[in-house]
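Colleague: I have a structure I would like to understand better, so I am pasting it below and will then ask my questions one at a time.
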Amino acid sequence: MQAVTHFLNYAATNPNAQIIYRKSDMLYKIDSDAAYLVCPDARSRTGGYHYLGNADNNLFNGPIYILAAIIKNVMASAVEAEVDSLFMNVNKAIPIRHTLIKMGNPQPHTPLKTDNTTAQGILTGKFKQKRSKSIDMRFCWLKDQIDQQQFKAEWGPGKDNLADY
């Protein structure tokens, strides 16, 4: 009932709210973010905003997929939460990327925007990661996706990150 009331209040105060989709180059883009230790039982939250845009990054389109979830594992640091968030977003992105390619929309590397410079540095090889068993498997898989140039980890300020709620 509380969620319904919240939604109805939003609809009443924003009667002209709309999601806009514009013609684009159909280039897949992802903004990813994590909130460290904000949920009960020392859990963290992840978010992702997946959309299609242009090569020059000047087009803002409505989302084609939104990720909003609680990370099941307890993360030892904000960096681990950010890497796990990137992992979860890429995991959801692979079938979408393949679908876009099969539909005749070739995809260069998909940019993954994060506002955590350490996570971006670890994934691009600028920083060396100390071994952490809790993220090794996800980190290695994600690093392989970036090394294969399917995705590209990019840093962007939090105010420009669409997943930073």
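The values are calculated or read from the model by the stated rules, or taken from the named source; none is laboratory data. Only a predicted model underlies this, so the values are computations on that prediction, with no experimental measurement involved. Don't worry about glycine lacking a Cβ; one is built from the backbone with ideal geometry, like all the others, and counts go over all protein chains shown. Accessible surface areas use protein heavy atoms only, side chains included; no ligands, DNA or RNA. Shrake-Rupley method; radii C 1.70, N 1.55, O 1.52, S 1.80 Å.
Colleague: Yes or no: PHE60 modelled with pLDDT under 95, part of a loop (DSSP other than H, G, I, E, B) and hydrophobic (A, V, I, L, M, F, W, C)?
Modeller: When the stated conditions are applied, PHE60 passes them.
Colleague: What are the residues in region 5-35 that are of a type in the set (Lys, Arg) and either under 22 Å from PHE87 (Cα atoms) or touching a Gly at 6+ places or on another chain (Cβ under 6 Å) (or both), if any?
Modeller: LYS29 - this is the single residue of region 5-35 that is of a type in the set (Lys, Arg) and either under 22 Å from PHE87 (Cα atoms) or touching a Gly at 6+ places or on another chain (Cβ under 6 Å) (or both).
Colleague: Could you list all residues from region 42-72 that are of a type in the set (Gly, Ala, Ser) and open to solvent by 20 Å² or more (accessible area, probe 1.4 Å)?
Modeller: ALA42, ALA55, ALA68, ALA69
Colleague: Here is a further query. Return the pairs, sorted by first residue and then second, in which the second residue is surrounded by fewer than 18 Cβ atoms within 10 Å (Cβ to Cβ) and not in a helix (DSSP H, G or I), the first residue lies in region 146-165 and is of a type in the set (S, T, N, Q), the beta carbons are less than 7 Å apart, and the residues are 6+ apart or on different chains.
Modeller: GLN149/HIS109; GLN150/HIS109
Colleague: Additional query: Which numbered condition in (1) assigned to a strand (DSSP E or B); (2) open to solvent by less than 30 Å² (accessible area, probe 1.4 Å) is the only one that ARG97 fails?
Modeller: (1)
Colleague: Scan region 21-41 for residues that are open to solvent by less than 50 Å² (accessible area, probe 1.4 Å) and either in a helix (DSSP H, G or I) or not polar (S, T, N, Q) (or both) and jot them down.
Modeller: Selection gives LEU27, TYR28, LYS29, ILE30, ASP31, ASP33, ALA34, ALA35, CYS39.
Colleague: In this structure, does LYS92 turn out to be open to solvent by 80 Å² or more (accessible area, probe 1.4 Å), farther than 20 Å from ASN161 by Cα and at pLDDT 95 or above?
Modeller: So LYS92 fails the test.
Colleague: Among the residues that make up region 129-140, is at least one of them touching a strand residue (DSSP E or B) at 6+ places or on another chain (Cβ under 6 Å) and either β-branched (Val, Ile, Thr) or open to solvent by less than 30 Å² (accessible area, probe 1.4 Å) (or both)?
Modeller: No, region 129-140 contains no residue that is touching a strand residue (DSSP E or B) at 6+ places or on another chain (Cβ under 6 Å) and either β-branched (Val, Ile, Thr) or open to solvent by less than 30 Å² (accessible area, probe 1.4 Å) (or both).
Colleague: Going by the conditions given, is ALA78 on the phi < 0 side of the Ramachandran plot, touching a Ser or Thr at 6+ places or on another chain (Cβ under 9 Å) and in contact (Cβ under 8 Å) with a residue 12 or more places away in the chain?
Modeller: Here the answer is yes, as ALA78 does meet what is asked.
Colleague: Now for a separate question. If you check ALA93, ALA69, which single one turns out to be touching a strand residue (DSSP E or B) at 6+ places or on another chain (Cβ under 9 Å) and touching a residue at least 60 places away in the same chain (Cβ under 8 Å)?
Modeller: ALA93
Colleague: Hey, does region 1-15 have a residue that's modelled with pLDDT of 90 or more, under 29 Å from ILE122 (Cα atoms) and out of contact with any helix residue (DSSP H, G or I) (no Cβ under 7 Å at 6 or more places or on another chain)?
Modeller: No; the residues of region 1-15 include none that is modelled with pLDDT of 90 or more, under 29 Å from ILE122 (Cα atoms) and out of contact with any helix residue (DSSP H, G or I) (no Cβ under 7 Å at 6 or more places or on another chain).
Colleague: Take the residues in region 104-122 that are open to solvent by 60 Å² or more (accessible area, probe 1.4 Å) and touching a residue at least 24 places away in the same chain (Cβ under 8 Å), then tell me which one is farthest from CYS39 (Cα to Cα).
Modeller: PRO108
Colleague: Can you tell which of ILE30, ILE64 is touching a Leu at 6+ places or on another chain (Cβ under 8 Å), aliphatic (A, V, I, L, M), farther than 20 Å from GLY158 by Cα and in contact (Cβ under 8 Å) with a residue 24 or more places away in the chain?
Modeller: From the options ILE30, ILE64, the qualifying one is ILE64.
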